[in-house]
Amino acid sequence: MTDETGAEPTGFLYPFIEAEEHDAGALLTDLAGSARAKIEESTALRTGTLERCGDQVEAAASAMADRFRRGGRLFTFGNGGSATDAQGAAELFRHPPHGRPLPALCLVEDQAVLTALANDVGFELVFSRQLIAHATGGDIAVGFSTSGDSVNVLRAFDEAAHRGLLTVGLSGYEGSGMAVSDAVHHCLVVRSESVHRIQETQNALMLALWESVQCHLAHDPANGAPGRPA
């Protein structure tokens, strides 16, 4: 849909800039107020989600640490903005700011493989086919989807569970298809309908998950450290 000039409307993204506003001071005040409101909304959602999902994060982290302890590897995946979140998660585990580096691969990183699979077998299989090629039963699959209904992410979870991988999903809204899938062992849901806020909070969940995994591994009796308290 375009306006009378043929341009795409962007008012829903930049309501203050698109509006008939000629007072620069008032415009800056409105923009600052809008930014503060978004920060407050994001902070409240992150805080509430981390509190609500605390036990789920701990359970998922414990299961992931056990897989890593046994030589398992992490595979991450997602589409669009979720693809960048998947890349960030793999990088966090591979090159952590502290703690133990852990083996991780993001399935969107190899452009040649991704585009070949999309062209030859269909985009809905771009992640599941890579899991077939790379993963074994002791590995971990972490998928990101703001909607919870991304077909290729759900297909990847089906394949991962079938092959014996531990599966962890991060979704928005009320979890959608991801939340009701038997193939997703741990589903962390951000209860929001804003894609921006969902992704911000999913990043916070992923950081909490990584921190908990590191804590489990650091207190592994096999490392000569005291066992994790019950």
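The values are calculated or read from the model by the stated rules, or taken from the named source; none is laboratory data. Here the structure is a predicted model, which is why all the values come from computation and not from measurement. All Cβ positions, glycine included, derive from the backbone under ideal geometry; neighbour counts span all protein chains shown. Keep in mind that these areas ignore ligands, DNA and RNA; they rest on the heavy atoms of the full protein, side chains included. Shrake-Rupley method; radii C 1.70, N 1.55, O 1.52, S 1.80 Å.
Skipping prolines and chain starts, which residues have an amide H placed within reach, meaning under 5 Å, of the one on T167, given they are 5 or more residues away or on another chain?
For T167, the qualifying residues are A141, H185, H186.
Separation between the S62 and R36 pseudo-spin-labels, each 7 Å from Cα along Cα→Cβ, expressed in nm?
The answer from the label model is 4.3 nm.
Kindly identify the range 109-230 as rounded, prolate or oblate by the Cα gyration tensor criterion: order the square roots of the eigenvalues as a ≥ b ≥ c, call it rounded if a/c is under 1.5, otherwise compare a/b with b/c, prolate if a/b is larger, else oblate.
The shape class here is oblate.
Compute and list, largest first, the equivalent-ellipsoid semi-axes of the range 154-200 from the alpha carbon gyration tensor, each √(5λ) rounded to a whole angstrom.
22, 9, 8
Under a Cβ-only charge scheme (Lys and Arg +1, Asp and Glu -1), can you give me the dipole magnitude of the range 77-126 about the Cα centre, in debye to the nearest 20?
Dipole size: approximately 260 debye.
For the range 49-94, which trypsin sites (Lys or Arg not before Pro) pass both filters: DSSP loop (anything but H, G, I, E, B) and at most 14 other C-beta atoms within 10 Å?
R70
Can you find, among I132, L209, G172, the residue sitting farthest towards the positive end of the charge dipole of the range 105-219, where Lys and Arg contribute +1 and Asp and Glu -1 at Cβ?
Most positive-ward Cα: L209.
Using the beta-carbon distance between E51 and H196 and R0 = 22 Å, what value does 1/(1 + (r/R0)^6) give for FRET efficiency, to the nearest 0.05?
Computed FRET efficiency for E51 and H196: 0.60.
Any chance you could list P(r) for the range 41-165, counting all Cα-Cα pairs in 10 angstrom bins from zero, rounded to whole %?
13, 40, 36, 11, 1
Given a 1.4 Å probe and heavy atoms of the protein chains only, how would you sort C53, C215, largest accessible area at the top?
Greatest to least solvent exposure: C215, C53.
Q87: net charge of surrounding residues, Cβ under 11 Å, Lys/Arg +1, Asp/Glu -1, itself excluded?
-2
Within 14 Å, Cβ to Cβ, of R129, how many net charges do the neighbouring residues add up to if Lys/Arg are +1 and Asp/Glu are -1?
That works out to -3.
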